[in-house]
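**Q** After the structure tokens below, expect a handful of questions from me.
The values are calculated or read from the model by the stated rules, or taken from the named source; none is laboratory data. Predicted model only: the values in this text are computed from it and were never measured. Neighbour counts are summed over all protein chains in view; Cβ atoms, including those assigned to glycine, are modelled from backbone coordinates with ideal geometry. Ligands, DNA and RNA are stripped out before the accessible areas are found, and what is left, the full protein with its side chains, is counted by its heavy atoms. Shrake-Rupley method; radii C 1.70, N 1.55, O 1.52, S 1.80 Å.
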Amino acid sequence: MDALAKNGMLNYAYLLKLISAAINEAQPEEPEPGVNFGQVYKIACSHLVENTAFYAVEKLKNKPEAGLFKKWQNKRNKAFHRNMTQRAELESIKSAFSLNGIEYLPLKGFPVCDLYPQSDYRFMSDLDILVKDIKKADEIITSLGYEPKEVGMHHHDEFSKPPFMYVEIHRDLVGADSDFYDYYKKIFDRAKSLGSCAYELSHEDFYIYSIVHLENHYAKAGTGIRSISDLFLMNKKFLPGLDTAYIESELRKLGLRDLRNLLSDIAEKWFKNNDFTDFSEAELRILFSGAYGTVENKINAAKGDRGSFAFLMRRIFPTAKSMKWVFPWLKDYPFLLPWAYVYRIFRDGIGKRKKAAKEIRKLKQKN
């Protein structure tokens, strides 16, 4: 591990050891000289896996100092409470949608959480629900005590409720600018009806969508350790017994088979073989991205071969197709597109000023 220590990767490697021990329900290795628990905890928090790691930490003989251990333990306990609250809230939302005739399809979330030794091992930021009638669904969510955060700006509307509930109500599985928009445009037609307005994806389609969602993060801002542990457990516990020929065919059709294989190899290296040496460029991108990636990664992916000015212009003035998706009335009144650009700048600019300023600073640093 001398090489890891020299290039600052020792703490990253030890965090991966803790995560591997936790999700495989194994006894973790004791920390070797040079491991800094404060740094391990900091990295874990950036990846939203501190609650997962603590299940291994509490089994150690050589634990972190008392203050950090207590802080870490509190994070795990809060994650446990959060998980229970999210489950109860999801049931309330599902019941309200059923009572009001809103057809819905829960996304991601608990099916993945339930692959872990305990579902609270896996931190879940929000609840994602696809609906057929988003206007009516938004009204119901508001009636349940949720406050709108961002509505009409993306392929989902965002709501929050203290102390930590976040819900995204989706009108589409992916955005109109996604390469996979047409593939998921009529997903309800392929979903299974469970009665009472509820739908679910087949296990095969759920797996495929998980890869699509993973690609969206990895290819843009980046993705972190949690996504790789998700993939490891999906491959280990979920994939066996499924129609793999269909899955492989669809992933090949979507151009995602190579990426799935690359990330699956990393997942197996870390969490099956416990190999935390000779990190590849792809591994380092994951380790340095945190849970949701970095602004720099996002800018690089969005720019592509374009210059900084072209990138900024596209950020300020999205394509007419994207604008019609955000503002459906443009389909009937396309001549109002210039006014829609102005409205969007004022609407989004006020609420996202800090985010925009951060992107501009990153662009200046790169030029």
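**Q** With a 1.4 Å probe and all protein chains left in place, how much accessible area per residue does the stretch 113-227 have, in Å²?
**A** Details: 4900 Å² over 115 residues.
The answer is 43 Å² per residue.
**Q** Take Lys236 and Phe288, extend 7 Å from each Cα along the Cα→Cβ direction, and tell me the distance between the two endpoints in nm.
**A** 2.8 nm
**Q** Mind jotting down the distance between the C-alpha centroids of the stretch 248-262 and the stretch 126-170, whole Å?
**A** The stretch 126-170 and the stretch 248-262 have Cα centres spaced 31 Å from each other.
**Q** I would also like to ask the following. With θ taken as phi - 60° and the coefficients 6.51, -1.76 and 1.60, list the Karplus ³J(HN,Hα) couplings across the stretch 262-272 in order, rounded to whole Hz; mark glycine and proline as x.
**A** Computed from phi, the couplings for the stretch 262-272 are 4, 6, 5, 5, 5, 4, 6, 4, 6, 9, 10 Hz.
**Q** At 7 Å along Cα-to-Cβ for each site, give me the label-to-label distance between Lys331 and Gln73 in nm.
**A** 5.7 nm
**Q** Which FRET efficiency value, to the nearest 0.05, is calculated for Asp177 and Tyr343 with the Förster distance at 25 angstrom and r the Cβ-Cβ distance?
**A** Here the calculated transfer efficiency is 0.85.
**Q** Output the relative contact order of the stretch 24-168, whole-number percent, from Cα pairs under 8 angstrom with separation of 6+ residues.
**A** Numbers: 146 pairs, mean separation 28.3, N = 145.
This gives 20 percent for the stretch 24-168.
**Q** How far apart, in nm, are two points set 7 Å out from the Cα along the Cα-to-Cβ line at Cys45 and at Phe110?
**A** Here the answer is 3.0 nm between the modelled labels.
**Q** Further, regarding this structure: To make sure I understand the rule: partners must be aspartates and glutamates, Cα under 12 Å from the Cα of Lys78, and not fewer than 8 residues away in the same chain. Which ones qualify?
**A** Glu50, Asp120
**Q** Here's another thing I want to ask about it. For the stretch 1-99, with all protein chains present and a 1.4 Å probe, just round the carbon and sulfur fraction of the accessible area to a whole percent.
**A** After summing per-atom areas, the C and S share lands at 52 percent.
**Q** Now for a different question. Go through Lys42/Lys237; Lys192/Lys237; Lys17/Lys94; Lys149/Lys253; Lys192/Lys220; Lys136/Lys161 and tell me which ones have a Cα-Cα distance over 27 Å in this structure.
**A** Table pairs above 27 Å Cα-Cα are Lys42/Lys237; Lys17/Lys94; Lys149/Lys253; Lys192/Lys220.
**Q** Let me ask another. Straight-line reach from Lys269: which aspartates and glutamates have Cα under 13 Å away, leaving out those fewer than 8 places along the same chain?
**A** Filter leaves Asp278, Glu283.
**Q** Here is a follow-up. Straight-line reach from Lys185: which aspartates and glutamates have Cα under 15 Å away, leaving out those fewer than 8 places along the same chain?
**A** Asp133, Asp172, Asp177, Asp205
**Q** If you stretched the chain out fully between Glu29 and Ala66, how much longer would it get, using 0.36 nm times the residue separation minus the C-alpha to C-alpha distance?
**A** 11.4 nm
**Q** Measure off, as a whole percent, the carbon and sulfur share of the 1.4 Å-probe accessible area of the stretch 166-258, all protein chains present.
**A** The computed percentage sits at 47.
**Q** If I take R0 = 25 Å and measure r between the Cβ atoms of Glu248 and Asn273 in this structure, what FRET efficiency does the formula 1/(1 + (r/R0)^6) give, to the nearest 0.05?
**A** For Glu248 and Asn273, the calculated efficiency is 0.60.
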